[in-house]
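Read through the structure below, which is laid out as structure tokens, and then see the notes.
The values are calculated or read from the model by the stated rules, or taken from the named source; none is laboratory data. All values derive from a computational prediction rather than experimental measurement. Heads up, the Cβs are rebuilt from the backbone with ideal geometry, glycines too, and the neighbour counts pull from every protein chain shown.
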Amino acid sequence: MSIRFNKVQDVLENYRSAIYEKDVERFVSTYSADVHVYDCWENWECIGIVQWKETVKDWFNGLSEDGHLLKTDFDNVVVEENSNLSFVHCAVTFTALAESGEKIRQMTNRFTFGLKKENESWTIIHEHSSLPLSMETGKGIFNLK
């Protein structure tokens, strides 16, 4: 799939809509072949698009099996960019919706994206999602904001 992302905001919009539509190919089209991802879930890290694509397939398949849609919202987005590199940090809220539109659950993660221009299109070369931890329980705090 060859999609061009002329603006960093185009990458974020594709991220949001591809998750909602559970479109694995379109979702991974925003990532570089040598992407390095630090994720909050199960895997400490994913190195390269092949490993990341498998993780995304599992994620989207789980959503499909549950019959849920996943609405994604970006808050407090800060973008710093020059002509070839960009750095984005923000809060990302994922809201699981039943097919009826009823909210099932919601969580907010902190995200950092590193992007570079490849063939005149922005691609994610590094992604890091995180949650603050409760010092009392050692568990992630999903909705601090």
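Quick look at the numbers
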{"item": "Verdict on F87 being of a type in the set (A, V, I, L, M, F, W, C) and over 25 Å from F60 (Cα atoms)", "result": "yes"}
{"item": "Residues within the stretch 26-50 that are under 20 Å from F142 (Cβ atoms) and modelled with pLDDT under 95, tallied", "result": "7"}
{"item": "Residue within the stretch 120-135 that is in contact (Cβ under 8 Å) with a residue 40 or more places away in the chain and at positive phi present", "result": "yes"}
{"item": "Positions within the stretch 1-22 being modelled with pLDDT of 95 or more, within 23 Å of D58 (Cβ to Cβ) and hydrophobic (A, V, I, L, M, F, W, C), in sequence order", "result": "V11, L12, A18, I19"}
{"item": "Top-ranked residue of the stretch 51-94 - restricted to ones that are of a type in the set (S, T, N, Q) and under 14 Å from the mean Cα position of the chain (by Cα), ranked as farthest from F142 (Cα to Cα)", "result": "T55"}
{"item": "Top-ranked residue of the stretch 116-145 - restricted to ones that are surrounded by fewer than 13 Cβ atoms within 10 Å (Cβ to Cβ) and among the charged types (D, E, K, R), ranked as nearest to W52 (Cα to Cα)", "result": "E120"}
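To keep it simple, each residue is scored yes or no on (1) hydroxyl-bearing (S, T, Y); (2) in contact (Cβ under 8 Å) with a residue 24 or more places away in the chain; (3) farther than 17 Å from H128 by Cβ.
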position: V8; (1), (2), (3): no, yes, no
position: N14; (1), (2), (3): no, no, yes
position: E21; (1), (2), (3): no, no, yes
position: S29; (1), (2), (3): yes, yes, yes
position: H36; (1), (2), (3): no, yes, no
position: N43; (1), (2), (3): no, no, no
position: E54; (1), (2), (3): no, no, yes
position: K71; (1), (2), (3): no, yes, yes
position: T95; (1), (2), (3): yes, yes, yes
